[in-house]
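Have a look at the structure below before the remarks.
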Amino acid sequence: NAMLESGADLLVIGARKGDREHESFGATSSRLAHFIPTDILFVRADSKTPPKKIVVATDFSDCAAQALERAVSIAKDCGVKSISLLHAFQVPEHHVLAGHTESQARKIRKQFVEQEYETWIKKVNGAGVTIDCTMIEGDPSTSIVKKAKSLKADLIVVGTHGRTASSA
């Protein structure tokens, strides 16, 4: 209750020390992640602050838009001048089932993503942070991590629809 009453809008949770493969969050951290209605930043034990390279993963949902807004705010606070906005996708099966070839489905997806990128860049235009957009075909969960590693990102921002066991 004290956090909510204070008006805090970001909860920072640290990992327990251990090797990088076995860091974990304690029971209190896990409960907070499930029940506190605010943004959460999970920090590894060896985290460097402030972040210098930020990647924002997007599916163009309202939650992803909020994540981009938070990333821009963090970037400004930390002196980061550019954010990488990343959309990873797989060719939607319904396009292929609707009679499109995979090539046509990719083209349709690319057009949609390019339009969305333009809209999203306009949303943060003038905030003092530039947005570099990248589209990758592949499983989003692995593609995002792979691209973030190749960019040497030290912060990945992802929007989530709620606080369930799978999202926290």
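The values are calculated or read from the model by the stated rules, or taken from the named source; none is laboratory data. A quick note: this is a predicted structure, and the numbers were derived from the prediction, not measured. Cβ sites come from the backbone with ideal geometry, for glycine too, and all protein chains shown count toward neighbours. In case anyone asks, the SASA skips ligands and DNA or RNA and just uses the protein heavy atoms, side chains included. Shrake-Rupley method; radii C 1.70, N 1.55, O 1.52, S 1.80 Å.
General observations
- The set of residues in segment 84-129 being within 28 Å of A71 (Cα to Cα), β-branched (V, I, T) and exposed (fewer than 14 other Cβ atoms within 10 Å of the Cβ) consists of T119 alone.
- Residue within segment 14-26 that is open to solvent by less than 30 Å² (accessible area, probe 1.4 Å) and at pLDDT below 75 present: yes
- Out of L32, L4, sole residue that is at pLDDT 70 or above, assigned to a helix (DSSP H, G or I) and either charged (D, E, K, R) or farther than 17 Å from V145 by Cα (or both): L32
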